[in-house]
Amino acid sequence: MNRTQIVQDFEWLHAHPELSYEEFETTRYIRAALTEAGVEILPYPLETGLVAQVRGPQPGPVVALRADIDALPVQEACELPYQSLTPGKMHACGHDMHTAVLLHTARLLNARKGQLRGTVRLIFQPAEESGVGARKILETPALEGVQAIFALHTSPLFPVGTYGIRPGAVTASVDKFSITIRGTGAHAAYPEKSVDPVVTGAALVSALQTVVSRNVAPEHAALVSITHFEAGKTWNVIPETAFLEGTIRTLDKADRELIPRRMRQLAESVCAGFGAQAQFDCDFCSPATDNDPAWCEVAAQVGRAQGLNVVTDPTSMLGEDFALYQETVPGVYIHAGIGLTAPNHNPSFCVDEACLAPAAEYSAALAAAALDKLAQA
Ligand code: NI
């Protein structure tokens, strides 16, 4: 067990990226490494991903650490000796870092389990990028008895050794909406015989932007992005329908309910004004992260004790399905500096390997400190 091992894990994972729900080789690698280290793997029926645990000598509280393990459909532009071996796929969000760090944390905790005052559950979660992999874990008993949960995520905004922690929301809720506008088709030369869904849709796109500017309090971050507008097939026919879809992001629970409600009202009334009909649907994917203030304090104290520079994390409107765990268990989503590099999901995103070993030490110390706090309570 040494620094080289975590670097080896990281480089293997980086070279073998797999997309959401296809993490079969990755899961095999994790299973083999944990088995070799003598770490207990829980027999949950997961196709990809797995859950393991390290138990102290006495029964006690349970805390969890989570790493997401999937990669992205991005063509790597970094020229690394261990770059992706799969064309068109890349660990462009650093989930290879998360996985290597949690694997090594398992080894560290296993070596120190005599001092653990409870159980640390290690969640290797599939399919974060598809937005719902956390649900697969939540269908298992992985969170049973868990009183606090933590996750590290790469941050290309911080140098190695700087960690961002912030109480409350750090990433936004992610919801997906679609609107089908049904009008009446006609020859383009007879607009008076049509109910034109293109003109209706164009008016609706503008109207929907007023929900954030006029209905949401200006000090709250929120957005509505319409990313797909499709109607018609040719130049001389007014089509019968138009289709719009996009995403709603918020940091505030009340805004998350307000925005789709107002959007539905606008869709129905704007379309009615043009004589068309609207069908509005909203798929509520994941809430905003909600970092527990008391556990943030513990996470920050452990960071400082480990010699890390702990700063206040900025918020972002990106999404993170770790928020689904935080609906049942208090926890903290922490940003770990990986060196200043291209943004997450960019082909030039690159993790500085110097961040790996300290991140595993930090995670192991945080889990132990969380158990101490719970055992004392
Ligand atoms: Ni990510």
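The values are calculated or read from the model by the stated rules, or taken from the named source; none is laboratory data. The structure displayed is predicted, hence computed values, not measured ones. In this analysis, Cβ positions are derived from the backbone assuming ideal geometry, glycine residues included, and neighbour counts consider all displayed protein chains. All accessible areas refer to the heavy atoms of the entire protein, side chains included, with ligands and DNA or RNA removed. Shrake-Rupley method; radii C 1.70, N 1.55, O 1.52, S 1.80 Å.
With each pseudo-label sitting 7 Å past Cα toward Cβ, what's the Phe24-Glu144 distance in nm, one decimal?
Taking the two extended label points, one gets 2.9 nm.
What does the charge add up to near Phe274, with Lys and Arg as +1, Asp and Glu as -1, over the other residues with Cβ less than 15 Å from its Cβ? It would help to have the intermediate numbers written out before the result.
Values: positive: Arg182, Lys193; negative: Glu192, Asp196, Glu240, Glu268.
Its environment carries a net charge of -2.
Expected output is a single nm value to one decimal: the length gained when fully extending between Ala342 and Arg112, i.e. 0.36 nm times separation in residues minus the C-alpha distance. What is it?
Separation in residues times 0.36 nm, less the Cα-Cα distance, equals 79.2 nm.
So what does Ser206 come to for accessible area, using a 1.4 Å probe and Å² rounded to 10?
Using a 1.4 Å probe on the heavy atoms, I get roughly 80 Å².
Between Asn236 and Ala354, take the C-beta separation as r, use R0 = 56 Å, and let me know the FRET efficiency to the nearest 0.05.
E between Asn236 and Ala354, to the nearest 0.05, is 0.35.
Based on the Cβ-Cβ distance from His187 to Ala207, what FRET efficiency comes out when R0 is 22 Å, to the nearest 0.05? Spell out each step's value before the answer.
Values: r = 28 Å, r/R0 = 1.26.
After rounding, the FRET efficiency stands at 0.20.
Ordering Trp295, Trp235, Trp12 from largest to smallest accessible area (1.4 angstrom probe), what's the sequence?
The ordering from most to least exposed comes out as Trp235, Trp12, Trp295.
May I ask you to give the solvent-accessible area per residue for the chain, in square angstrom, as obtained with a 1.4 angstrom probe? Write out the running numbers ahead of the final one.
Working: 16290 Å² over 377 residues.
Ligands and nucleic acids excluded, the figure is 43 Å² per residue.
Just to verify a number: what accessible area does Tyr44 come out at with the full protein assembly present, 1.4 Å probe, Å² rounded to tens?
That residue has around 50 Å² of solvent-accessible surface.
If I stretch the segment between Arg135 and Ala305 completely, what's the gain in nm (0.36 nm per residue apart, minus their alpha carbon distance), one decimal?
Residue separation times 0.36 nm, minus the Cα-Cα distance, leaves 57.8 nm.
Quick check: net charge around Asp196, other residues with Cβ under 14 Å of its Cβ, Lys/Arg +1 and Asp/Glu -1?
So the surrounding residues net to 0.
What does the charge add up to near Ala186, with Lys and Arg as +1, Asp and Glu as -1, over the other residues with Cβ less than 10 Å from its Cβ?
-2
Could you tell me the extents of the range 1-153's C-alpha atoms along the three principal axes, largest first, rounded to whole Å?
Principal-axis extents of the Cα atoms in the range 1-153, largest first: 48, 34, 23 Å.
Kindly state, to the nearest 0.05, the FRET efficiency for Ser269 paired with Arg214, given R0 = 25 Å and r defined as their beta-carbon distance.
Working: r = 15 Å, r/R0 = 0.58.
After rounding to 0.05, the efficiency reads 0.95.
At q = 0.11, 0.13, 0.14 Å⁻¹, what log₁₀ I(q)/I(0) does a Debye calculation on the Cα points of the chain give, no solvent, two decimals?
The Debye formula, applied to the Cα set alone, gives -0.79, -1.00, -1.11.
What order do Glu320, Glu240 take when sorted by accessible area (1.4 Å probe), most exposed first?
Descending order: Glu240, Glu320.
Under a 1.4 angstrom probe, counting protein chains only, how are Glu144, Glu11 ranked by accessible area, largest first?
Glu144, Glu11
Dipole size in debye (nearest 20) for the chain around its Cα centre, Lys and Arg Cβ +1, Asp and Glu Cβ -1?
Dipole magnitude for the chain comes out near 680 debye.
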